[in-house]
Amino acid sequence: MVNRVILAGQSAGGYATMYLASQNLPGLIGAVDFAGGRTQMTQAFTPNYLNRMMVNGFAEFGQTTRIPTLWVFAENDSRYTAETIRTSYEAFKAAGGKGRLLLNPPIEGDGHLIYLKPALWRAALKEYLSGIGVVTDGN
C-alpha cells in the first residue's frame with residue numbers, strides 16, 4: 001500500500017500535478033510544478049499578456065489543495081509571462097492553497113525548460129522535501 005506520494009510534472013504535466021493536488025488523493029503529501037500552466041499560445045509566438053485562463057485555473061485549484069506545493073519557474077518562460085506566473089501563484093494562495101514560488105531570473109535559453117537546470121532549484125527542492133518530512137538534515 002502506498003501511503004506517501006509526491007507528484008511532479010513539467011509544463012502540461014506540472015498543471016496536471018497541481019490539478020491532482022487539488023483532489024486531495026489518499027497518500028499524496030506533496031506536489032512540485034516545473035513551469036506548469038495552461039496557455040493558448042503556439043510555439044511560434046511568445047506570451048505578452050496576463051493569461052487569465054491560467055490564473056483562474058490556479059485559483060480554482062487553491063480552493064481545495066491542502067498539501068504544500070513547490071512552484072519552479074523562470075522569468076523568461078516562453079509560454080507564460082512573469083506577471084502571469086506571479087498572479088497565478090497569488091490567486092492560488094489567496095484561494096487557500098499552500099505553496100512556495102521559486103521564480104528564477106531569466107536563464108540561458110528558454111525558461112520553460114528550467115527542469116533541465118537542477119542547480120537552480122535543487123536547494124529549494126531539498127528545503128521543500130525537508131518541510132514535508134521526506135528529507136532530513138542527515139540525508
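Identify all lysines with a Cα-Cα distance to residue 117 below 22 Å; exclude those on the same chain that are fewer than 8 residues away in sequence.
Answer for residue 117, where 22 Å is the Cα cut-off: 126, listed by chain and number.
Match the structure shown to one of the listed values (1) -0.55, -0.63, -1.25; (2) -0.44, -0.52, -1.28; (3) -0.63, -0.73, -1.27 of log10 I(q)/I(0) by the Debye sum over Cα atoms at q = 0.12, 0.13, 0.21 Å⁻¹, computed from it, and give that label.
Of the listed options (1) -0.55, -0.63, -1.25; (2) -0.44, -0.52, -1.28; (3) -0.63, -0.73, -1.27, (2) comes from this structure.
How do 98-109, 76-87 rank on mean C-beta neighbours within 10 Å, highest first?
Ranking, from highest mean packing down: 76-87, 98-109.
Out of the DSSP beta bridges found with both residues in the chain, what percent are antiparallel (nearest 5)?
If I count the DSSP bridges inside the chain, around 0 percent turn out antiparallel.
Counting only helical runs of four or more DSSP H residues, what would the 222 nm mean residue ellipticity of the chain come to if each run contributes -39,500 (n - 2.57) and the total is spread over all its residues?
Calculated mean residue ellipticity at 222 nm is -10500 deg cm²/dmol.
Every read-out reported here was derived from the displayed coordinates using simple, explicitly stated rules and does not represent laboratory data. What you see is a predicted model, and the numbers here were worked out from it, not measured in a lab. Don't worry about glycine lacking a Cβ; one is built from the backbone with ideal geometry, like all the others, and counts go over all protein chains shown.
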